[in-house]
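Have a look at the structure below, then the notes.
Read-outs throughout are calculated quantities, based only on the coordinates presented, and are distinct from any laboratory measurement. This structure is a prediction, so every number in the text was calculated from the model and none was measured. With ideal geometry, Cβ positions are generated from the backbone for all residues, glycine too; neighbour counts draw on all protein chains shown.
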Amino acid sequence: MGKFVPGNLLSSTIARPNQVLNGYITTTSGFLELLPQGRSCKEACPFASMLALAHLLKTSPSSSLPQPSNNQQNFRSQVLDYLESSSPPQVKQLQQARLPLLTSISQVAAQEWLHPILDFSLPPTQAYQQVSAHQFLEASFKPTLQSGGLPPIVLIAPGGYSEAGINQPGEDNYAVPLAIADCWQAVDCANERWFTGAEFHAYAIHHLLNQRWLIPIPDVWMLGVAIVLAKGIVLVLKLKRHNSVSVVWFILGTALYGLVGLQLYVVGVVLPWLLPSVLFWVLIQPVVRRESNAA
């Protein structure tokens, strides 16, 4: 799940390659699926990326867009060839989105360093409109148009019942992400038991179209920084025994680190705060106790 698998993943008996834009739907829950560095969508393309590209192309003013045909050429290859020669800046930016090189390297050790993740702090109602089959069939149903009156992207997928799945019953039902379960369900008066694969894809499409996703800094990196910083402070203060440092400065430093993390979150970088802060305070306990005894 979530690893790049080249090849034709859609059987030609279901849909002809010269008439569809196919993409693979396998992904790791919570991560934004992007191609590795050096890979092309001509080999295989994430489903969300392919839909986002198709949507941007469909809404572009160009009159020379490739169209499905009865010839033998793969339609996805036709579209990608067109993009290489002519595409709006937003489309080109989306087409060039790739995983950081370090992510691909870390996957060898079963890690996902700097792998972009979905931002579930965004309410589901701002990312997609969930519609059941019976609601869709009702004449009163009106889809929510995007800004500028653009038509919505429609995903038809299983969900909302225990048997939902593609290969086996229930496999398309996932635990509701904590950010949604703890925050937005109360705000939106929702009480969903499951989070479906289609909803993960809906978040991914929203992020790709808006060029907004999160890059998590690995916990182990910041734990290493906390160890070096705390050990350094303890060593310096032991060498300078006549100098004392108020515990207030450590508290202010921890708070400042939290504020920096919040500011980085605004630009799409997630900085771990709790574990590094706890480890830092554990390691500076000798200094804190000395200051308490001196007081």
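Observations on the model:
- Euclidean distance of C-alpha centroids, the stretch 219-288 and the stretch 70-113, integer Å: 40
- Label sites at residue 210 and residue 223, each approximated as a point 7 angstrom past Cα along Cα to Cβ, lie 3.2 nm apart.
- Cα centre as origin, Lys/Arg/Asp/Glu Cβ charges: the stretch 217-294 dipole, Debye: 420
- Note, ³J(HN,Hα) from phi for the stretch 151-157, Karplus 6.51, -1.76, 1.60, rounded to Hz, x at Gly and Pro: x, x, 8, 10, 10, 9, 8
- Rh by Kirkwood over Cα pairs, then Stokes-Einstein D for the stretch 217-294 at 0.692 mPa s and 37 °C, µm²/s: 246
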